[in-house]
1. Gaussian network model of the chain, Cα springs within a sub-10 Å range: biggest mean-square fluctuation belongs to which of Phe32, Phe110, Phe79?
2. Quick one: 3J(HN,Hα) in Hz for region 61-72, Karplus 6.51/-1.76/1.60 with θ = phi - 60°, rounded, Gly and Pro as x.
3. Using every alpha carbon pair in region 78-177, what percent of pairs falls into each 5 Å bin from 0 up to the bin containing the largest distance?
4. Where is the GNM fluctuation largest for the chain (alpha-carbon springs, 10 angstrom cutoff): Ala49, Ala164, Ala35?
5. Please state the equivalent ellipsoid semi-axes for region 71-115: what are the square roots of 5 times the Cα gyration tensor eigenvalues, largest first, in whole Å?
6. When the Karplus curve 6.51 cos²θ - 1.76 cosθ + 1.60 is applied with θ = phi - 60°, which whole-Hz ³J(HN,Hα) does each residue of region 91-98 get, with x for Gly and Pro?
7. Report in % the part of the accessible area of the chain that belongs to carbon and sulfur, leaving out ligands and nucleic acids; probe 1.4 Å.
8. Going out from 0 in 10 Å bins, what whole percent of all Cα-Cα distances in region 18-116 drops into each bin?
Amino acid sequence: MARTAALGALAALVLAWSWLHLEQRPALGSVFFWAVVVGVLPALAPGRALRLGAVAVAGALAVREALGTLSPRQAADRFGDGFATYYDVGLPFQALQQPLMHGLVELAIFGFTLAVALAIASRRSLLAAGLVVAGAGWPATLLQGDDPFVRGAVILGAALAIVAGVSTTLRVRQAVLAGALVIASA
């Protein structure tokens, strides 16, 4: 359980850091807090039934935090409006001026964090690492002029840490450590 919490928090941090690059002057702290609450905590519930219930509650909290409503119709409207705004507003955007766009960024962070944490809790290291790479890499494709090598190294480092942290095989841990050393030296 502690391993799931630590690795889930690492994934939440990397995902939030990556997605929040779409915003000017992002506030990482509160988004990271909510990513841990709605993304990592449900994965810590014992048993499949409790975990499923925790995911349902976390989903409602995530929608409320990100879109400011629990009404399915209002949430769908705000999601659609936020999505459409991405075609009209340049990146990086100002979150205070575009709260619906910020809400979608939050939903992406929360959703990917939850998926990664559930994969970690199920001991599916490659799935968890793949979700981190896809989830943190996606916003990088939307930005121009950003340093792709630093972002790629951080994302790869997190993916390797998750594989090593979930694995119980010493050889896998050694291979991941070697990969991390290569990234650090590059």
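1. Ranking Phe32, Phe110, Phe79 by mean-square fluctuation puts Phe79 first.
2. For region 61-72, the Karplus-derived couplings read 4, 5, 5, 4, 5, 7, 10, x, 7, 10, 6, x Hz, x marking Gly and Pro.
3. Over region 78-177, the share of Cα pairs per 5 Å bin runs 2, 12, 18, 18, 16, 13, 9, 5, 3, 1, 0 percent.
4. Most flexible of the set in this elastic network: Ala49.
5. Ellipsoid semi-axes (Å, largest first): 18, 15, 8.
6. 9, x, 9, 8, 4, 5, 8, 10
7. Carbon and sulfur: 67 percent of the exposed surface of the chain.
8. All Cα pairs considered, the percentages come to 16, 45, 30, 8, 1.
The values are calculated or read from the model by the stated rules, or taken from the named source; none is laboratory data. All values reported here derive from a predicted model rather than from experimental measurement. Cβ sites come from the backbone with ideal geometry, for glycine too, and all protein chains shown count toward neighbours. Just the protein is used for accessible areas: all its heavy atoms, side chains included, with ligands, DNA and RNA removed. Shrake-Rupley method; radii C 1.70, N 1.55, O 1.52, S 1.80 Å.
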